[in-house]
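Visitor: Would you mind keeping the following structure in view while I ask a few things?
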Amino acid sequence: MSSSGNFLSKILQAVVYLALALPVLLILYMFSGHGALEDITLYTNTLIKMLALLALVIFTASSFIVDKLRKTPTSKITLIISFLTVAVSLYFASNVLLPKYIRHGAVSPAIFLKSSQQPKTFRFAAAGDAHIGNAQSRTDLTLKMLDHIRRDPYDAFFLLGDLVDLGFDYSLWVKASKDMESLNRAMPTCYIPGNHDTIFGGAEFYKRYSLTDPEGNMWRRIDIGNIHFLILDIEWVAQTYTKEQAAWLQKQLADIPRKDWCIVMSHTFYYCSGRNKDGWDWYDNSRLIPLLCPLFEKHGVDLVLSGHMHHTEVLQKNGVTYAVMGSFGGSLDEGRNYISPASIWYRAGQYGFADVFINGNSAKLTVRNQENEEIFSMDLINR
């Protein structure tokens, strides 16, 4: 074989090796992300893409092995499959890997909520699970509720996780950033990490578009006068609730005076009504309740806000009020067949958000629908 022919043969073999290595490395990279691996079965479209990549890898490897056994040059079929595998991998990676290291998409200006000494009167809105990018999400209603919040005299807005549907997809963060722009310019905002936001390496995008604390943690404390917000990174069950975060939380709870307001926020829920779905018990969180709720009760937490379940519900247990507000545009859950003993108000099939007004030692929790109409309200007790 001539030197040019030998060189070409090596190039072709390199293409095959690239076709074998690239998709495997891509999939391993995505699995090493921040999100909970239990969630993977719910990402059907992503799983199909991964399985398609693996199938192409298997076909490429099989054809290449046959060529080697026959001691023949790389066959046309092997090359065709190899080029296809490389092309699919690069297409898949274009929204997963390249934006982290090459692209620098414009991040819409935002005013992030920070600690400050404010008057004792403070009003904020909170809701989660917009799932921007999902075909079944009602992003039109998300924008409608954002407009209501922007027009009313709120002091801050908290997004309780799952702003986007697939956190590893760069284009969805760009879209979400544009959708949130009018509110981000109008008032301070705070974004809590959700499992959809961070899955498969999406945490890097979350950190780019959603300011975290100065040390880079996804949990943080925000003090507004005598009101203390503890933002937790609990996205699914307890996988992201690290020992470091647990120690931090206990320290913060012990530090907050009982006469002050203490409000905890996380994406996932604690007490909650729901149903069994996909082999999961989507109701009272048996792993988190014994882990965290006794702390909330011991240290006088007044309100715990969360999403993850796509309905609206208010619950009370041992003096602590829990509000589940996963109703900010994502497709809504079916009605419950399990009623949490802690539940005091529940609404399925309802989009909406929480409106919390704190005035000195008194406070009121109001649930509003997508039309900004009050559908539930109650006074909160400062514990």
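Visitor: In debye, nearest 20, what is the charge dipole magnitude of the chain about its Cα centre with +1 on Lys and Arg Cβ and -1 on Asp and Glu Cβ, if you could check?
Guide: 1020
Visitor: Just from its helices, what would the mean residue ellipticity at 222 nm be for the chain, if runs of 4 or more DSSP H residues each count -39500 (n - 2.57) and the sum is divided by every residue, rounded to the nearest 500 deg cm²/dmol? Don't jump to the answer; show the numbers that get you there.
Guide: Values: 11 runs with 141 residues, N = 383.
Rounded to the nearest 500, it is -11500 deg cm²/dmol.
Visitor: For the stretch 220-237, just list the computed ³J(HN,Hα) in residue order, Karplus coefficients 6.51, -1.76 and 1.60, θ = phi - 60°, integers in Hz, with x standing in for Gly and Pro.
Guide: Running phi through 6.51 cos²θ - 1.76 cosθ + 1.60 with θ = phi - 60° gives 6, 10, 10, 10, 10, x, 8, 10, 10, 9, 10, 9, 9, 9, 10, 9, 10, 10 Hz.
Visitor: Say the dipole of the stretch 125-179 comes from +1 at the beta carbon of Lys and Arg and -1 at that of Asp and Glu; which of 161, 131, 143 then lies farthest toward its positive end?
Guide: Result: 143, furthest along the dipole toward the positive end.
Visitor: Which aspartates and glutamates have a Cα less than 14 Å from the Cα of residue 298, not counting those fewer than 8 places away in the same chain?
Guide: Answer for residue 298, where 14 Å is the Cα cut-off: 255, listed by chain and number.
Visitor: Turning to a different aspect of this structure: With every protein chain kept in the model, how would you rank 336, 123, 185, 151 by accessible area, 1.4 Å probe, largest at the top? Show your work: numbers first, answer last.
Guide: Values: 336 75, 123 40, 185 135, 151 165 Å².
Of 336, 123, 185, 151, the descending order of accessible area is 151, 185, 336, 123.
Visitor: Report, in listed order, any pair from 175/317; 259/317; 10/207 with a Cα-Cα distance greater than 31 Å. Walk me through the numbers on the way to the answer.
Guide: Numbers: 175/317 39 Å; 259/317 20 Å; 10/207 42 Å.
Over 31 Å Cα-Cα: 175/317; 10/207.
Visitor: Lys and Arg at +1, Asp and Glu at -1: add these up for the other residues within a Cβ distance under 13 Å of residue 253 and post the number.
Guide: Details: positive: 221, 251, 258, 298, 383; negative: 255, 260, 297, 302.
Taking every Cβ under 13 Å from that of residue 253, the sum is +1.
Visitor: Here's something else I'd like to know. What's the longest uninterrupted piece of the chain once you rule out the GluC sites (Glu not before Pro) that are loop residues per DSSP with at most 14 other Cβ within 10 Å?
Guide: On the way: sites that count: 215, 334, 371, 373.
No qualifying site falls inside 1-214, the longest such stretch.
Visitor: Sort out for me the Cα centre separation of the stretch 129-161 from the stretch 321-383, rounded to whole Å.
Guide: The stretch 129-161 and the stretch 321-383 have Cα centres spaced 15 Å from each other.
Visitor: Here's something else I'd like to know. Taking only C-alpha pairs under 8 Å that are 6+ residues apart, what is the relative contact order of the chain in percent?
Guide: Values: 801 pairs, mean separation 63.3, N = 383.
Value for the chain: 17 percent.
Visitor: Rounded to the nearest percent, how much of the accessible area of the chain (1.4 Å probe, protein heavy atoms only) is carbon and sulfur? Provide the component values of the computation, followed by the final result.
Guide: Values: 9700 of 16740 Å².
The computed percentage sits at 58.
Visitor: Please identify which residues in the stretch 129-159 have an amide N closer than 19 Å to a label point set 7 Å out from the Cα of residue 374, following the Cα→Cβ vector.
Guide: Under 19 Å, as judged by backbone N against the label point of residue 374, lie 148-155 of the stretch 129-159.
Visitor: Then there is this: Name the long-range amide H neighbours of residue 312: under 5 Å, sequence gap of 5 or more, or other chain; modelled H, no Pro or chain starts.
Guide: 347, 350
Visitor: Taking only complete DSSP H runs, can you tell me which helices of the chain stretch 15 Å or more along their own long axis by Cα positions and average at least 0.0 on the Kyte-Doolittle scale? Could you put the intermediate results ahead of the total?
Guide: On the way: long enough: 3-31 (42 Å, 1.62); 44-70 (39 Å, 1.28); 76-93 (25 Å, 1.91); 139-151 (18 Å, -0.52); 243-255 (18 Å, -1.02).
Answer set is 3-31, 44-70, 76-93.
Visitor: State the dimensionless ratio Rg/Rh of the stretch 215-344 (Rg: radius of gyration of Cα atoms; Rh: Kirkwood radius). Spell out each step's value before the answer.
Guide: Numbers: Rg = 14.5 Å, Rh = 15.1 Å.
Rg/Rh: 0.96.
Visitor: Another one. Explain nothing, just compute: Karplus ³J(HN,Hα) = 6.51 cos²θ - 1.76 cosθ + 1.60, θ = phi - 60°, for every residue of the stretch 155-168 in order, whole Hz, x for Gly and Pro.
Guide: Computed from phi, the couplings for the stretch 155-168 are 8, 6, 10, 10, 9, 7, x, 6, 5, 10, 7, 10, x, 7 Hz.
The values are calculated or read from the model by the stated rules, or taken from the named source; none is laboratory data. Bear in mind that the values here come from a model prediction, so they are computed numbers and not experimental data. Here the Cβ is made from the backbone with ideal geometry for all residues, glycine too, and neighbour counts use every protein chain on show. All accessible areas refer to the heavy atoms of the entire protein, side chains included, with ligands and DNA or RNA removed. Shrake-Rupley method; radii C 1.70, N 1.55, O 1.52, S 1.80 Å.
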